[in-house]
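Quick notes on the structure that follows.
Bear in mind that the values in this text are calculations on the coordinates, not laboratory data. For clarity, every value in this text was computed on a predicted model and none was experimentally measured. Here Cβ is always computed from backbone atoms with ideal geometry, including for glycine, and neighbour counts include all displayed protein chains.
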Amino acid sequence: MARVYYERLSDESAGFLEYENSRRRAHIAMVLVFEAGRLATEGGGIDFERVREIVSSRLRELPRLRTKLRRIPLDGHPVWVDDPEFNLDYHLQQSSLPRPGNQDQLCRTAARIAATRLDRSRPLWDCWVIEGLAEGRFALVLKMHKALALFEGADLLRAILSTTEGPTRCGMGRYSPRPAPSPVELFSQEVLRRWSPSRRTMGGVFNFLRKPSRAGRELKEQAEGMLRVMGYRLRPAGESPFDGNLGPHRSFSFQEVDLESVQAIRRALGGTVHDVVLTILSGALRRFLGELHVSPVTVDLRGVTPILDSLGEEAHPWFVELPIWEESGPGRHDLLCEQTRRIRAEADAASGEMLAAGDEWNAAHLFAIGARALKEIEAGQLAILQCPGPQNPLYLDGARLEECYGILPLRDSSGLGITAMSYTGSIFFAFNCDPDIVHDVRRLRDAVDSEVAELLGVSSERGPALRAVGGSDP
């Protein structure tokens with residue numbers, strides 16, 4: 001008899017499931033724009049069957065994407081089991097924009113897709129192929145629940161993208177789902193698990209009892225370090241025009257910024273690329289509030305930005321005050337650099353930068369790590385996630401990836417979330433908002449463009465900053 005398979009979700013992942021309701025979502029999304037390449041058809045569309053063939057062939061390497069949720073009887077805790085009725089047609093779908101589709105139309109379509117809750121009776125991911133963009137381009141819109149995206153074997157984009165322009169090889173093979181336990185087996189195994197403490201847990205207890213002073217000192221040092229990092233978190237923030245009760249609708253806006261322009265600003269003003277991105281966003285938010293006839297001086301706004309640890313396995317939130325009241329762009333930059341330098345000096349656990357060059361596609365996994373760190377967003381706070389991508393081009397069956405945007409789920413009272421992803425010499429900003437709280441988010445996109453232009457003008461006048469004053473490279 002075949003051995004049954006199931007895997008209990010962690011309490012954190014189970015919490016993501018419980019968090020969702022008719023207005024709140026716990027899935028992340030990514031929007032990738034490609035040139036058509038060899039996927040173009042004679043009618044101006046995209047060879048959807050070829051895309052389906054590629055995805056289907058890669059699913060054999062990603063068994064996580066074939067698992068669905070079950071509940072332990074009486075207990076109710078969720079577990080993963082293989083879906084014996086998995087059908088790719090429910091997860092990979094096709095849509096089209098009215099040709100020639102523009103970015104605003106893509107944003108509206110992607111927002112409608114991302115606003116829809118994932119079907120809990122099936123594996124928790126969806127992927128849409130959106131054709132009809134100008135110049136024959138197309139987009140992939142992938143959404144995946146945070147409970148699933150954290151697993152290494154769930155990165156679909158990494159599996160289907162390649163660093164070569166040649167055609168993607170699609171192997172043949174058959175996938176056999178592992179048998180799932182019956183309700184009685186699931187309940188009985190859970191009872192045994194609860195009454196059998198792991199040796200690892202007991203070993204930790206014994207070590208603590210043998211050397212209580214050493215263990216206590218280590219715990220104390222870790223706690224003090226994290227409290228210093230989260231010092232901004234302990235000070236309450238006021239309400240802002242971006243706060244409100246979330247509704248069911250979402251609105252997106254995208255903006256591409258040349259990475260060399262950001263580097264030029266960094267060389268002139270000092271700090272890191274991470275600091276420059278925060279400076280750009282602070283100035284853009286100031287401009288946006290001005291268009292709403294809201295004085296930035298009256299708004300107390302803090303950014304919550306996840307930063308990778310030195311191992312690249314966990315992210316910790318930095319709480320940084322966004323100096324939108326400061327009129328001068330360089331002045332805002334200096335204030336932000338002072339904050340980030342102080343946080344870096346106080347906690348080695350949060351010393352890494354999220355926005356850094358990579359050699360391969362692991363952005364989806366890092367994006368999920370960063371999104372996990374954004375557990376609580378309170379009034380007066382904005383989620384700002386910076387995520388790395390490769391600086392060499394990637395391809396889907398020879399179709400070049402041109403743009404990539406990450407979409408954060410909105411949290412509770414915050415009606416705006418911002419991401420910045422780097423790829424092939426550009427930084428791609430994505431704004432996700434509740435349109436009933438933040439009206440016409442496209443103006444925020446335009447404000448980013450204006451802020452970059454102004455900072456570049458100041459940078460050309462100043463010239464390179466001294467390294468001792470400006471800080472280090474990202």
task = Please order S57, S422, S253, S10 by the number of other Cβ within 10 Å, starting at the fewest.
result = S10, S57, S253, S422
Inter-label distance for H293 and L192, nm, one decimal - labels placed 7 Å from Cα along Cα-to-Cβ = 7.0
query = Which translational diffusion coefficient, to the nearest whole µm²/s, is obtained for the stretch 7-184 from the Stokes-Einstein equation, given a Kirkwood hydrodynamic radius over C-alpha pairs, 25 °C and 0.890 mPa s?
reply = 139
Among 275-282, 89-96, the order from most to least packed when residues are scored by Cβ within 10 Å on average = 275-282, 89-96
note = Contact order relative to length for the stretch 7-184, counting C-alpha pairs under 8 Å separated by 6 or more residues, stands in percent at 33
request  = With a 10 Å radius around each residue's Cβ, average the other Cβ atoms per peptide and rank 441-454, 11-24, highest first.
outcome  = 441-454, 11-24
ask   = Mind checking Rg over Rh on the stretch 82-188, alpha carbons, Kirkwood formula for Rh?
value = 1.04
